[in-house]
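The values are calculated or read from the model by the stated rules, or taken from the named source; none is laboratory data. These figures come from a predicted structure and were not determined experimentally. Note that we place each Cβ from the backbone using ideal geometry, even for glycine, and neighbour counts take in every protein chain shown. Surface areas here come from the heavy atoms of the whole protein model, side chains and all, with no ligands, DNA or RNA. Shrake-Rupley method; radii C 1.70, N 1.55, O 1.52, S 1.80 Å.
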Amino acid sequence: VQLQASGGGLVQAGGSLRLSCAASGSISSINVMAWYRQAPGKERELVGSITSRGWKTYSDSVKDRFTISRDNAKNTVYLQMNSLKPEDTAIYYCLVRFGVRDDYWGQGTQVTVSS
């Protein structure tokens, strides 16, 4: 299974970005798709997740600003990020989970928000 993330970049505070992550390879049914992020000197943290049934969770820090979605036909997960803040600056990683613990990570995409 390979994951290809894209959509990161440099944006001013208050701006928007949309991240995409497409899974390819030997894929059966994907259970959970999620986005994590890791800022310099900090631990990786969950940003948002979405199950195969469409149930979503978000971290408190991005709730009401970010929206996670998925296209099951394309095995792709998206993260729409609005009202970006400098503290959102991080490397964003996508995760795909098959079953309960069979996880695959994307290579990461840099998001930088300038003040």
Quick one: check the C-alpha center-to-center distance for region 51-115 versus region 20-35, whole angstrom. 12
Solvent accessible area, Å² - residue 89, 1.4 Å probe, full protein context: 40
Simple spin-label estimate for residue 69 and residue 82 in nanometres, 7 Å along Cα-Cβ: 1.1
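Go ahead and run the numbers for FRET between residue 55 and residue 1, Cβ-Cβ distance against an R0 of 22 Å, rounding to 0.05.
0.50
At a 1.4 Å probe, what is the % contribution of carbon and sulfur to the accessible area of the chain?
The computed percentage sits at 47.
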Among all the lysines, which ones have a C-alpha under 21 Å from residue 85's C-alpha, if same-chain residues fewer than 8 places away are not counted? 42, 63
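With a ≥ b ≥ c the root eigenvalues of the C-alpha gyration tensor of region 7-87, is it rounded (a/c under 1.5), prolate (a/b larger than b/c) or oblate? Each step should come with its number before you reach the end.
Values: a/c = 1.80, a/b = 1.73, b/c = 1.04.
Here region 7-87 falls in the prolate category.
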